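One structure below.
The values are calculated or read from the model by the stated rules, or taken from the named source; none is laboratory data. If you're wondering where the values come from, they're calculated on a predicted model, not measured in any experiment. Here the Cβ positions follow ideal geometry from the backbone for every residue, glycine too, while neighbour counts run over all protein chains shown. What goes into the accessible areas is simple: the full protein's heavy atoms, side chains included, and nothing from ligands, DNA or RNA. Shrake-Rupley method; radii C 1.70, N 1.55, O 1.52, S 1.80 Å.
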Amino acid sequence: MIRAIIFSFILVLFCSWKITAAAESAGTKSATGSVAETVTDEASTQAIAYADKYAAYLKTSDGAGAVESPVEYFKKNLESPQAYRRSMAKIAERLGTKSLWASAAEAWLEVLVATSDANARFEAALKWSEAVRKSKASMKDRLRFVEQAVMTVQELRGRGSRGDGKIGKKEATQIEYLEVAVRDTVTRMQQSVRDKGQIEDFASVVRGYEFYQIGFPQQSENSKIQVNRAESLFRAQEWSRAGLEFESLSAASKSAEKKAEFRESAIQAYVKALNDSDNATPLALVRARRGVREVGTSWLAKNLRHPAAASTAYNIGQSWYEDRAYPQAIKAFNFFLEKFNKDSRCRDAIFMIINSYSQKEDFRGLIRASKKLVKLPALSDDDQKAIRELMRRAQLKDVQTIAGAFGTKEYAANLLELASKHKDSSLGATALYEAFTSMNSKHEPEMFEVGESLLDKFPNAAYTKNVAGSMVKAALLTADFERAAKYMTIYSSRYPTDPESSALRKNAAQISEWLGDFKEATRLYRNLGDVESVARCDFLAGDWKLLEGSSTKINPALGLYYYALSLWRQGRQAEALPRLKQLSTRPESEHSAHARFLLAQRALDDFRAIQMKDANDQSALVAKVKSFQALSKELNDIVRIGAGKWTIAALYLLGQTNLDLGRFIATSPIPLGLQPNEVKVYRRALAKQAKEYGVASTQNFKLCLETAEKFEVFTRYAKGCRMRGKLEVKEESDTIIAAPEKNNSTPKTAAELRKKLYESPGDTKTLTYLAAAYVQERQYWTATAIYNRALELDPRNAEAMAGVGISRLFLNDLEGAALMFKKALAIAPNEPTAAWNLAGLYREFGFASHSKELASKRPKGSRPVLLHPMAEKL
Amino acid sequence: MWSRFALCVVASLLVQLSAMAESGSHREDGPGPKVLNSEFVAKFRDAISRKDAKALEMAPEESIATQPAAYELRLLAAEAFAHAGNSLAAQMITMDVASRVPGTSQGAWALAALDQLAQSSDLDESALEDMAYEFEGSVSRPSEKAMLAWYRSRAYARRGFETWATKALTLVGKDTRWYADRLFDEATDALVDDNADAANTFYAEILKSKSVRAPTREMTALNRARLVFERGNYAESVNIARTLDLPLRERARALIEMAWSRFYLKQYGKALGILKVVDSAFFESLRSPEADLLRMLIGRELCRYDLMKKTATEFRERYAKTFKHIDSRRRLDRDEQLKQMALQTRHLQKRATLIHRYRTERRSFAEDDLAISKGLREFLLRSFAVRERRLEAEIARSLPREIEDVASQLVDLRQQISVLEAAALNKPTSARVIDDVDYGFESTSYTKFDQTYWPVDNESWWDELDAYQVLMQPHCADETTPAKESDANE
């Protein structure tokens, strides 16, 4: 830059000398030039008068009585530019005579602009130069002059051209003068802003040099001018153009020192251009990228310790990168990292190397490079994490490339093969994951196996979460609830802190309960701390021992019932009794009715145990009668409560009680010492008395049956009533079968149906087919869950309702089954599964009237596939 | 088509100049010859109208060799030049006479002739501005007055005298044809201010008016088509452009714009057809690299990656020398191709075309004996040389920056084409062909070749432009984007 300053001074001195010489030569000849146009006396007088007034104002101005500059005044008050230029010429001359050179220059410039004739323009330019040499001019005026002078030169060339292509002597002299004047002006422009100039000032200087170059292309190659121009371009932040100028100066320079100096300036300019790329045109960027590479590479080799070396090396890499020349970019950035490993741009260089490999789709190269680069200290923890993620993705892409076209059959097969070859490596895991992704995208059921294998073999891989999530989704969509629960459990146990885990575990427990897997459900509920559900599942599972424990942890309202029942069912009736009594005093409910019934059952056993030792055993007789009265009263009370099944059960017990009392009387001991005929009479009397209780018993059983049929209560006690007491019905015989199906093999048609479901998860027809397949495989809990999914989608689906009915029937939930059959028939009166199986149920219980009602709904040929043994006899 | 265009110009000039001649023969009213022998004038004009006659070689009688008569003879010569299609020579003569003898009948006639000439021909407008700037005579006829005011205002504005320019503009009478030029300029200002609605209103007003100079009317219609294009109404834009009778330099640009419209209308065959026209020898010097980008985009739409690769290769080959020049950071003005492209930018192209016209006209009379007016040949040669240099100087002033812009655009295009090519390289050369999609032209027989086109070897094509189209089979697989050609808005 210092060199540029010296050049400028030399140039200014040279120009001043040249101007004087040229003016002497051209000026004399232009004395007759056309700038001295004819001006009317009046206009001339006015102009001169105004010039005098303005001169007086300038010389004595203390700020008062301001006088407009002639330029402003005459522009406003004259009719045309022609009149204006004539007046301005007069004023300029006048102000010159008063040595007001700055104002004179301003006026001459106006004359120059307003004049068309080349000679007159030359004269105005000459006058302006003379005036400016003795004063100052603004940057704007200087640039305006340069532009106008260059236009004048072009005009002179045009007019002065002779037939042989040469320029006339006069015009040549004029052009020579103007060249010096323009060069001097531009040089002074540059000199005046060098120290404190703003960007826009240097932009004006650059424009000035551009005009000079247009007017005098040959002289523009002058190295002194080029230095000034390069410096101005640099200061005007025209970086790449400055780089070009410096590069050109370096190439032309014969001195090694200068060469190096200009080369450094060129590099500096190109680097600036690249750093300011948002403001650069595509051309400027190309120049800067190529420039920094071509000039910078050789310079860097000898100047590695230079303060700008790191920046240059980095920008060389960046320029290759931006030109998408990735191999070169990688090489350049590696060089940068090797030589300047403490530079703040190392991080960016690392990422650009990795991205270069990525752009080249050289994934192995990326992985190889990343392994090395990730260890560099320039990277933060987050950066390292990001690079590892990039490596993972690269590995995935590499695997994809090997496997062929995504989605094809071979794709997943190739990947699985690859995975088996690299079982324990991350490549194997990636291949397996990609195979899973491919199968998942194609809805292939094998995805579950591959997914499970992934979860099993690579439990800590980054994508297992995604795999588990995908499998849960796929299982739910395909109504594969067992799998869904399983994957939900895996997910929630592997990612316990994940926000979704708790909800997934709950869902898993719920699904296990639906599937009748109460053991698993209990485990999950316990894990969730849901004691109520744990107790419920122990109850549903019939695990009385566990229920004994879990029931104490829940709300006593239900807990007492569960606790009493658990004791009862374990045969610990004596322990159960006080709890049952406690329950029986509660307001009328299913639980209190059940408790009272159990107490009555116990009382019946006690009642039955009362037997006379001999005919004189009066106390036993009294006890039996009292017991009878108490038991009858209790049972009648239960009947009056009218709690469905317990009413029928109580009537059954009432029948049994009367039957037992009758038997007690009929078989009571004969007093000793009676004559045979007396014995006969005694026995007749007993028989008569016993018969009354037999009749009462029959009435109880009859009422029991009538009530059961009337209210369609499907309980084994009704069957006991039908057998008139000959069948001993156990209290737990109506319990729903809780144990999960022993046969848990998947139906053959399930895979195909599930594939269809994957495509259209809302297809209820397919869902009912799938559920029916499970019914046929005697997996009634699973079937119920699938039918319920269909009902969730279509709450009026009669087929699904009937499906739930048949499943419940097989699970011994007779009430539940009948309810669903009736619902199905209400929607679709001829629904075959519902009509046939409900009819079978009625028949089983001897509800003849109901059975008849359904006869019309079971036409020939409508026999359904799903048929319970009760209905098979129809 | 061009010969038709030239005929129209000549016919219109003939009507105007005959009108001038008729009024001149009456001497007492309107501009025309006042001092020349009317018999000679009639004979001369008769010679003009007869194609075999060399009117300009007719020597006048010695007795009419006065100064006014000399000017009238020159103006008659201008009539002859205009008739022969040498409108620039006619312009130079009329401007010279008008400037030399303002306020005389010859001066008035010269101005009227100049005004008439400007109504139908593309003239050297900067010469007109210079003339108007210095012209200080009084003019009574509204049209000539408006013409001078119009060019004067432009000359003032060019020198930075905005107040005087605005004042001069008010003298452009509403009832003159020059008023449309004023509106056209206002529309341009509106566009600069990003007010397309206002510009559209101005254009509509110009097109409604009956008094509009032919060049102004054409440019107005073309600009309106561009506005319509900007607003996304591609079909209408094409329809407007098709009706225009544009100068060659505008045609090349308009063709590219039409091709873009066809592209946006998804009429890829037609778009490619137009691009083929652009590639013809007729437009060789005016070819824009934008055509390659458009061809790449069409290739992408049709999944014709082979076409994309071919186009990218051709693009690189076509501009290889220039790119080498740019990449080597050499002086841009030393690359002929770049220079040529820079000269195609609108304001430079107009000047470059004028230089060419000056040279062509000069050749046509350089060897002639212009006996009609002494010194006329020398005057014209000198004037032409000055004007040529003036235009060259104007170009020289704008060229450096224009070349930079053009080079920058070319580099930008190279980048865009490279990106498109990179995408194409990842695709197979040919995918499964969908046989039921045919991009053929209904009235042309479909060939089995993948690509065929109508060769363009002459200029008579504008009206039939829509018949040119490339028959192109798309190669999109059905699950991707089968780019069906739309016939909407046809």
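Below are the figures for this structure:
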item: Test set (1) without any contact (Cβ under 8 Å) to a residue 12 or more places away in the chain; (2) open to solvent by less than 10 Å² (accessible area, probe 1.4 Å) - A:G529 fails condition number; result: (2)
item: Considering residues of the stretch A:150-170 that are part of a helix (DSSP H, G or I) and open to solvent by 40 Å² or more (accessible area, probe 1.4 Å) only, the residue farthest from the other protein chains (Cβ to nearest Cβ); result: A:K169
item: Tally of residues being open to solvent by 60 Å² or more (accessible area, probe 1.4 Å) and part of a loop (DSSP other than H, G, I, E, B) across the stretch A:477-511; result: 4
item: Of residues in the stretch A:79-136 being assigned to a loop (DSSP other than H, G, I, E, B), touching a Lys or Arg at 6+ places or on another chain (Cβ under 9 Å) and touching a residue at least 40 places away in the same chain (Cβ under 8 Å), the one nearest to the other protein chains (Cβ to nearest Cβ); result: A:T115
item: All positions within the stretch A:534-559 that are aliphatic (A, V, I, L, M) and either assigned to a loop (DSSP other than H, G, I, E, B) or touching a Gly at 6+ places or on another chain (Cβ under 9 Å) (or both); result: A:A535, A:L540, A:A541, A:I554
item: Test for A:K140: is it more than 12 Å from chain B (Cβ to nearest Cβ) and open to solvent by 30 Å² or more (accessible area, probe 1.4 Å); result: no
item: Neighbours by Cβ (under 6 Å, 6+ apart or cross-chain): first from the stretch A:159-173, more than 18 Å from B:F384 (Cβ to Cβ) and at pLDDT 75 or above; second among the hydroxyl-bearing types (S, T, Y) and in a helix (DSSP H, G or I); result: A:T173/A:S25
item: Residue in the stretch A:127-141 that is of a type in the set (K, R) and under 60 Å from the mean Cα position of the chain (by Cα) present; result: yes
item: Filter result (of a type in the set (A, V, I, L, M, F, W, C), more than 15 Å from A:K331 (Cβ to Cβ) and open to solvent by less than 30 Å² (accessible area, probe 1.4 Å)) within the stretch A:367-390; result: A:I367, A:V374, A:L379, A:I387
item: Where a residue in the stretch A:618-642 is farther than 22 Å from A:K702 by Cα and its partner, wherever it lies, is exposed (fewer than 14 other Cβ atoms within 10 Å of the Cβ), with Cβ under 8 Å and at least six apart; result: A:A620/A:Q611; A:A620/A:K613; A:S627/A:D606
item: Any hit, the stretch B:356-372, residues being touching a Leu at 6+ places or on another chain (Cβ under 7 Å) and under 23 Å from A:G215 (Cβ atoms); result: yes
item: Counted residues, the stretch B:343-378 - those being touching a residue at least 60 places away in the same chain (Cβ under 8 Å) and farther than 20 Å from B:E394 by Cα; result: 11
item: Among residues of the stretch B:382-408, those that are more than 7 Å from chain A (Cβ to nearest Cβ) and touching a residue at least 24 places away in the same chain (Cβ under 8 Å), counted; result: 14
item: Selected residue [open to solvent by 10 Å² or more (accessible area, probe 1.4 Å) and part of a helix (DSSP H, G or I)] from B:K266, B:K270; result: B:K270
item: Residue list for the stretch B:192-204, filter: under 22 Å from the mean Cα position of the chain (by Cα) and free of Cβ contacts under 8 Å to residues at least 24 places away in the same chain; result: B:V192, B:F202, B:A204
item: Residue match in the stretch B:106-118 (condition: out of contact with any strand residue (DSSP E or B) (no Cβ under 8 Å at 6 or more places or on another chain) and surrounded by fewer than 20 Cβ atoms within 10 Å (Cβ to Cβ)); result: no
item: Some residue of the stretch A:176-194 being more than 30 Å from A:E123 (Cα to Cα) and among the polar types (S, T, N, Q); result: no
item: Filter pass, B:R329 being open to solvent by 70 Å² or more (accessible area, probe 1.4 Å), free of Cβ contacts under 8 Å to residues at least 60 places away in the same chain and more than 23 Å from B:M296 (Cβ to Cβ); result: no
item: Qualifying residue in the stretch B:89-107 (condition: in a loop (DSSP other than H, G, I, E, B), small (G, A, S) and within 14 Å of chain A (Cβ to nearest Cβ)); result: no
item: Single residue of A:R229, A:R207, A:R183 found to be within 13 Å of another protein chain (Cβ to nearest Cβ) and touching a residue at least 40 places away in the same chain (Cβ under 8 Å); result: A:R207
item: Enumeration of residues in the stretch A:512-559 that are aliphatic (A, V, I, L, M) and out of contact with any Leu (no Cβ under 9 Å at 6 or more places or on another chain); result: A:L515, A:L524, A:L528, A:V531, A:L540, A:L546, A:I554, A:A557, A:L558
item: Of all residues in the stretch B:360-396 being hydrophobic (A, V, I, L, M, F, W, C) and more than 29 Å from A:V153 (Cβ to Cβ), the one that is surrounded by the fewest Cβ atoms within 10 Å (Cβ to Cβ); result: B:A371
item: Filtered residues of the stretch B:165-184 (kept if surrounded by 22 or more Cβ atoms within 10 Å (Cβ to Cβ) and within 11 Å of another protein chain (Cβ to nearest Cβ)); result: B:A168
item: Residues located in the stretch B:306-319, provided they are more than 15 Å from B:R287 (Cα to Cα) and open to solvent by less than 50 Å² (accessible area, probe 1.4 Å); result: B:D306, B:L307, B:M308, B:K309, B:A312
item: Residue in the stretch A:405-420 that is of a type in the set (S, T, Y), open to solvent by 40 Å² or more (accessible area, probe 1.4 Å), within 25 Å of A:Y758 (Cα to Cα) and at pLDDT below 75 present; result: yes
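Residue-wise test of (1) surrounded by fewer than 24 Cβ atoms within 10 Å (Cβ to Cβ); (2) free of Cβ contacts under 8 Å to residues at least 40 places away in the same chain; (3) of a type in the set (S, T, Y).
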{"residue": "A:F246", "(1), (2), (3)": "no, yes, no"}
{"residue": "A:A251", "(1), (2), (3)": "yes, yes, no"}
{"residue": "A:K254", "(1), (2), (3)": "yes, yes, no"}
{"residue": "A:R263", "(1), (2), (3)": "yes, yes, no"}
{"residue": "A:I267", "(1), (2), (3)": "no, no, no"}
{"residue": "A:D278", "(1), (2), (3)": "yes, yes, no"}
{"residue": "A:R290", "(1), (2), (3)": "yes, yes, no"}
{"residue": "A:G296", "(1), (2), (3)": "no, yes, no"}
{"residue": "A:A325", "(1), (2), (3)": "yes, yes, no"}
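Yes or no, residue by residue, for (1) in contact with a His (Cβ under 6 Å, 6 or more places away or on another chain); (2) part of a helix (DSSP H, G or I); (3) acidic (D, E); (4) open to solvent by 40 Å² or more (accessible area, probe 1.4 Å):
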{"site": "B:D189", "(1), (2), (3), (4)": "no, yes, yes, yes"}
{"site": "B:D194", "(1), (2), (3), (4)": "no, no, yes, yes"}
{"site": "B:I206", "(1), (2), (3), (4)": "no, yes, no, no"}
{"site": "B:E218", "(1), (2), (3), (4)": "no, yes, yes, yes"}
